[in-house]
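Following: one structure in structure tokens, then a few remarks.
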Amino acid sequence: MSDEPSRLILAEPDTVLGMLQRGRGAGYLHAVEMAPQRVWPLLIECITNDPRLDKQVQDIADYYSELVIETEMDITPLADHLKRNDGPGDQHWNVKLVLETLYCLSEDHHDKALEILRDYVSYGFHWETVIRYLWDFRLASALEAFWRLDGIGHIPEIESAFIAVPHSYHRWRAAWAMDTTAPDVFQANYAYECLWDCHEDTRICGCETVSLSQPGALARLKEIAEDPGENKRVRDSAVQTLDEF
């Protein structure tokens, strides 16, 4: 029988643990003011006993990973938890957040988190998920490296990544990488479509790079700039481009 319902019992909301379980900013602020040795057990409790009511809606792994980095926590207990608790079925619900937090840490170039994830592939039941995490990490790292190669020319792999990546949060990296390495190719073929992309950072890239001679570009920028439902960063980018026109 699953013991999943036990994760729904949260600490009192006015305690630091209760705030951390709920992902509150006040919890973060309290934690960074406390002695790290007092914070670490609370973080381990949260990460290894997933406090979320709805894992599809509540994205809390970034919150915990930032606190792990801020407090310089040793993540060996997370590796130990995976080895003790991994397996199929609902009885292993408390593994998912550990993996998500390790993935967020790896995105911040936390070497030990990467090491734990790579080791997990050799024994873990959810190894396919971790393989996807690691693939995502390698792709993101490669695209970031291409940001630094101004004007090097068209790189087909970047264009393929822009077209084919399944996650929108990688497409914006590919967009900026393509605009950095081959701005003529990107602006001629992809900048305009970015104005309608589902990811706000890709729309910002479109706002900043689209050719205003492209039919429909000015109208779309004005639409974005005047849309109260649009993300403020995207609106500001559209306004700035229009002001410079």
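For the range 121-131, the criterion of a residue being among the polar types (S, T, N, Q), part of a helix (DSSP H, G or I), surrounded by 12 or more Cβ atoms within 10 Å (Cβ to Cβ) and out of contact with any helix residue (DSSP H, G or I) (no Cβ under 7 Å at 6 or more places or on another chain) is satisfied by no position. Contact map, the range 30-48: first residue closer than 14 Å to Val98 by Cα, second residue polar (S, T, N, Q), Cβ cut-off under 6 Å, separation 6 or more or different chains; pairs are Cys46/Gln21; Ile47/Thr101; Thr48/Asn94.
From the list Asp179, Asp74, the lone residue that is over 30 Å from Gln37 (Cα atoms) and modelled with pLDDT of 85 or more is Asp179. Looking only at residues in the range 202-215 that are surrounded by fewer than 19 Cβ atoms within 10 Å (Cβ to Cβ) and touching a helix residue (DSSP H, G or I) at 6+ places or on another chain (Cβ under 7 Å), the one that is nearest to Phe162 (Cα to Cα) is Glu208.
A search for C-beta distances below 6 Å between a residue of the range 113-135 that is more than 13 Å from His81 (Cα to Cα) and assigned by TED's automatic domain parsing to the domain that holds Met73 and any residue that is in a helix (DSSP H, G or I) and among the aromatic types (Phe, Trp, Tyr), counting only pairs 6+ apart in sequence or on different chains, returns Val121/Trp127; Val130/Tyr120; Tyr133/Tyr103. Just to be sure before I move on: is Asp184 under 18 Å from the mean Cα position of the chain (by Cα), exposed (fewer than 12 other Cβ atoms within 10 Å of the Cβ) and of a type outside the set (Phe, Trp, Tyr) in the structure I sent? The answer is no for Asp184.
Does Pro156 qualify as being loosely packed, with under 12 Cβ neighbours inside 10 Å and outside the structural domain of Thr71 (by TED's automatic domain parsing)? In short, yes. Looking at this structure, is Asn94 polar (S, T, N, Q) and assigned by TED's automatic domain parsing to the domain that holds Asp80? Judged against the criteria, Asn94 is a match. Please enumerate the residues belonging to the range 216-229 that are surrounded by fewer than 17 Cβ atoms within 10 Å (Cβ to Cβ) and under 25 Å from the mean Cα position of the chain (by Cα). Within the range 216-229, just Gly229 meets the criteria.
The values are calculated or read from the model by the stated rules, or taken from the named source; none is laboratory data. Note that the coordinates shown come from a computational prediction; the quantities given were computed from them, not determined experimentally. Methodologically, a virtual Cβ is constructed for each residue, glycine included, from the backbone with ideal geometry; neighbour enumeration extends over all protein chains shown.
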